[in-house]
Amino acid sequence: MVSEMSIEAHVTTFILYAIPVYILAFTLYIIRALKGPSISDIVLAIDALTYDLAAFLVILSILFRSPILIPTAIVLALWVYALDIYVAKYLEAKDMGE
Amino acid sequence: MVLDWVLVILGEILIAIGIFCDLVASIGMLRFPNFYVRLHACTVGTIGGAFVPLIGAALVAAGSEFLGTYRWFMAGGAVVTAILILILAPAGSHALARATHRAKVTPVYPKIADHLEEDEKLLEEG
């Protein structure tokens, strides 16, 4: 039978095993963001890091049983898109605009 | 009850695929030689490493009764974030790549054909 283990214990165990892999991936992204030779490399690493951080926050909200973490994920996804467009505009025109 | 188990197992499979893509993308981001090759790792990291596990997290949240009534809010928020990432990540990285090429921040080193550069030369010649 499948239901020897409750859903709660199953999900919690799975997420606890998932967290170290995420931390390792974040560490590698941060190394690239610190090393990046040009500003484009830094922004690209921050880009990938932040989208993955949004996914990680939703997974953490399941682990902590706290729905307050969901809006922060949406805001992170929108913020890093704004960063992309801002830096692209700066590189093309050497001017931040209004 | 059985439906909850199906949702949770499907969601966990999607989260596992997402974790694998995330790790592969971070290794690629560290090891690849220049910016234009790293764009490929960034795509693996955003669509495979963020969109797929967000859909998986939505399925897990929808199937987890221990979260209470708020599980529908969490599933809906996860789906909204996933769709936003699906639309915004390609647009953002495309804008960044185009600006990088135009401003000549890094040389296009392993180059076979560069149509954007040829077009700019044609425009300069008039």
Other chains near B:32-45: what is the mean number of their Cβ atoms within 10 Å of each residue's Cβ? 3
Could the peptides A:65-72, B:48-55, B:21-28, B:112-119 be put in order, highest first, of the mean number of other beta-carbon atoms found within 10 Å of their residues? B:48-55, B:21-28, A:65-72, B:112-119
Find the centroid of the Cα atoms in segment B:54-121 and in segment A:5-67, then give the distance between the two in whole Å. 15 Å
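Kirkwood-based Rg over Rh for the protein assembly as shown (C-alpha set), two decimals? Please report the intermediate quantities before stating the final value.
Details: Rg = 19.8 Å, Rh = 18.5 Å.
Taking Rh as the inverse mean 1/r over Cα pairs, Rg/Rh reads 1.07.
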Convex hull volume per residue in cubic angstrom - Cα atoms of segment B:1-89: 76 Å³
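Can you compute the helix-only [θ] at 222 nm over chain B? Use -39500 (n - 2.57) per DSSP H run of at least 4 residues, normalise by all residues, nearest 500 deg cm²/dmol. Intermediate results must be reported in sequence, preceding the final value.
Details: 5 runs with 95 residues, N = 126.
Mean residue ellipticity, 222 nm, calculated: -26000 deg cm²/dmol.
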On a 0 to 90° scale, report how tilted helix B:2-31 is relative to the longest principal axis of chain B, with both axes built from alpha carbons and the result rounded to the nearest 10. 30 degrees
Hey, could you pull the Cα Rg and Dmax for segment A:7-98, both in Å? 16.3, 54
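Quick one: Kirkwood hydrodynamic radius for segment B:67-126, alpha-carbon pairs, angstrom, one decimal?
15.1 Å
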Peptide B:100-113: average number of partner chain Cβ atoms within 10 Å per residue? 3
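Laboratory data are not the source of any read-out in this text; all were calculated from the coordinates shown. Since we're looking at a predicted model, the values are computed, not measured. Note: ideal-geometry Cβ built from the backbone for every residue, glycine included; neighbour counts use all protein chains shown.
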